[in-house]
Amino acid sequence: MKMSKFIELLSSDFKALGKLGGQELDSAVSRLIPTLTPVLRTRLLEALTEIAEELSEQLPGAHLEARIQGDEIELIYIEDSSTVRENPADLNARITLRLPEDLKSRIESAATNEGISLNSWLLKASDRNSLSITIGKRQLRGKGKS
């Protein structure tokens, strides 16, 4: 979507309001509009970014990003590539893990917030933090995004 379209609409609204206040206000508004344009662009992007964040909370395994390029603003849907989907046939190993009760509660809350099972959350967290590559005698560990 083009930001200039919304900036022009807001500018027209300001000009119409300025005319209601007489010649002096009309002149002041006409001088003010060019200085408001960058502020309006910033506020529009902030609003769309906040909308994307709020919607992302409702998208398990994905999120939205507001991106700007020139005059274009886009809301981009991005699937979380680290989302582990439970396939009961693949889940055949068991472990017993003893945790402090408060840690268990925090993990359960995190899983509930993401809308996934505790087991899926633990698989996802383990997968995110388990990158280990050996190159010659060097071992690289960590995580990254492409």
Members of segment 43-70 found to be acidic (D, E) and modelled with pLDDT of 85 or more, listed by number: E46, E50, E53, E54
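Farther than 16 Å from K2 by Cα and either touching a residue at least 40 places away in the same chain (Cβ under 8 Å) or in a helix (DSSP H, G or I) (or both), is that true of L59? Steps first, answer last, please.
Working: farther than 16 Å from K2 by Cα: yes; either touching a residue at least 40 places away in the same chain (Cβ under 8 Å) or in a helix (DSSP H, G or I) (or both): no.
For L59, the condition - farther than 16 Å from K2 by Cα and either touching a residue at least 40 places away in the same chain (Cβ under 8 Å) or in a helix (DSSP H, G or I) (or both) - is not met.
Quick one: is E53 within 30 Å of N113 (Cα to Cα) and part of a helix (DSSP H, G or I)?
On the way: within 30 Å of N113 (Cα to Cα): yes; part of a helix (DSSP H, G or I): yes.
So E53 fits the description; yes.
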Qualifying position, being β-branched (V, I, T) and part of a loop (DSSP other than H, G, I, E, B), among T37, T42, T96: T96
Matching residues, segment 60-73, being surrounded by 15 or more Cβ atoms within 10 Å (Cβ to Cβ) and in contact with a Gly (Cβ under 9 Å, 6 or more places away or on another chain): G61
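Just one of I33, I116, I51 is within 17 Å of the chain's Cα centre (by Cα) and surrounded by 10 or more Cβ atoms within 10 Å (Cβ to Cβ); which is it? Break it down into steps so the answer makes sense when it comes.
Values: I33 fails: within 17 Å of the chain's Cα centre (by Cα); I116 fails: within 17 Å of the chain's Cα centre (by Cα).
Only one candidate passes the filter, namely I51.
The values are calculated or read from the model by the stated rules, or taken from the named source; none is laboratory data. Being a predicted model, the structure only gives us computed values, none of them experimental. Every residue, glycine as well, gets a Cβ built from its backbone with ideal geometry; the counts of neighbours run over all protein chains shown.
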